[in-house]
Amino acid sequence: PFFFAAAVSLANVVFGVFFLRETLPKEKRRPKRLLDANPLAAISWIFSKPGLIVLALALVIATTMQRGLESVWVLYTQHRYGWSFAETGLSLTVVGIAFVFVQGYLVGKVVPWLGEMRTIVIGFALSAAMYFMLSVNSWGLLGFLGIIPHVIGWGCATPAIQSLISRQVGASEQGFLQGSLTGLLGLSAIVGPALSNYSFSFFTSKAAPVDFPGAYFVLAGLLMIVAAFIAMRAGRHPNQ
């Protein structure tokens, strides 16, 4: 798997170098500064824009919860449902196919129909409901199927919120914005797995007050609701 991932990453670099072309006119490009190469400077730039940071916070919360789910999924399904590696791998294959369908097709239909803000709120709420279901469910088939509505909710809501974020800055700052968001969202790959794996480890240990392997999913569901409220507030007061 590691060699395969390395090969795909290298192919991605080659594709970018030879096939992607700059679409932003020179007059709209942001001047290059050595300071901008500092990832902390990029993140601090987001914090300097009040209307931007609120939406970015909602996106970071949602992404952090997703990274935690991805990290603990194998452990959780083996413990809760008794799945083998093959069954877990099949479930993740279904998740991947669902993501391709959602972000490649469904987003383009849902967002124009509901609008960005409704897509975000409904998507995060659907994702939260699935987290709550996963926290207490002990039926493997329901766990297998229940992840699909989560992918639909999260997969539609996050592009919608990224679209709202991109409208907070001008054309010359779009590239810097996306790079800054990538740096900020990179933190979710640290925090999410730490939260999910620690909570799973603790609540399945003898030190836990109750045996509750789904504790992380309750936390994730609650924080997804918080993310929905944050996004709603930002949408109603975009300049605050």
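The values are calculated or read from the model by the stated rules, or taken from the named source; none is laboratory data. The shown structure was predicted, so the numbers you read here are calculated from the model rather than taken from an experiment. Note that each Cβ is placed from the backbone with ideal geometry, even for glycine, and that neighbours are counted across all protein chains shown. These accessible areas exclude ligands, DNA and RNA; they are computed on the full protein's heavy atoms, side chains included. Shrake-Rupley method; radii C 1.70, N 1.55, O 1.52, S 1.80 Å.
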Within the stretch 62-88, count every residue that is in a helix (DSSP H, G or I) and either among the aromatic types (Phe, Trp, Tyr) or open to solvent by less than 30 Å² (accessible area, probe 1.4 Å) (or both). 14
Can you find, within the stretch 141-153, the residue that is nearest to residue 107 (Cα to Cα) among those that are among the aliphatic types (A, V, I, L, M) and open to solvent by 20 Å² or more (accessible area, probe 1.4 Å)? 152
Among residues of the stretch 102-138, those that are among the hydroxyl-bearing types (Ser, Thr, Tyr) and free of Cβ contacts under 8 Å to residues at least 60 places away in the same chain, counted: 3
Would you check if residue 107 is aliphatic (A, V, I, L, M) and touching a Pro at 6+ places or on another chain (Cβ under 6 Å)? yes
Which numbered condition trips up residue 168, out of (1) touching a Gly at 6+ places or on another chain (Cβ under 6 Å); (2) in a helix (DSSP H, G or I)? (2)
Looking at this structure, is residue 175 within 26 Å of residue 119 (Cα to Cα), part of a helix (DSSP H, G or I), open to solvent by less than 10 Å² (accessible area, probe 1.4 Å) and of a type in the set (Gly, Ala, Ser)? no
I want to confirm something. Restricting to the stretch 191-227 and keeping residues that are in a loop (DSSP other than H, G, I, E, B) and under 22 Å from residue 126 (Cα atoms), which single residue is nearest to the chain's Cα centre (by Cα)? 214
Any chance residue 183 is in contact with a helix residue (DSSP H, G or I) (Cβ under 6 Å, 6 or more places away or on another chain), surrounded by fewer than 18 Cβ atoms within 10 Å (Cβ to Cβ), within 16 Å of residue 55 (Cα to Cα) and in contact (Cβ under 8 Å) with a residue 40 or more places away in the chain: yes
Return only the number of the condition from (1) within 23 Å of residue 77 (Cβ to Cβ); (2) assigned to a helix (DSSP H, G or I); (3) out of contact with any helix residue (DSSP H, G or I) (no Cβ under 6 Å at 6 or more places or on another chain) that residue 151 does not satisfy. (3)
From 58, 62, 37, grab the single residue that is out of contact with any Pro (no Cβ under 9 Å at 6 or more places or on another chain), at pLDDT 90 or above and farther than 28 Å from residue 140 by Cβ. 58
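Residues checked against (1) open to solvent by 20 Å² or more (accessible area, probe 1.4 Å); (2) touching a helix residue (DSSP H, G or I) at 6+ places or on another chain (Cβ under 6 Å):
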position	(1), (2)
135	no, yes
155	no, yes
166	yes, no
189	yes, yes
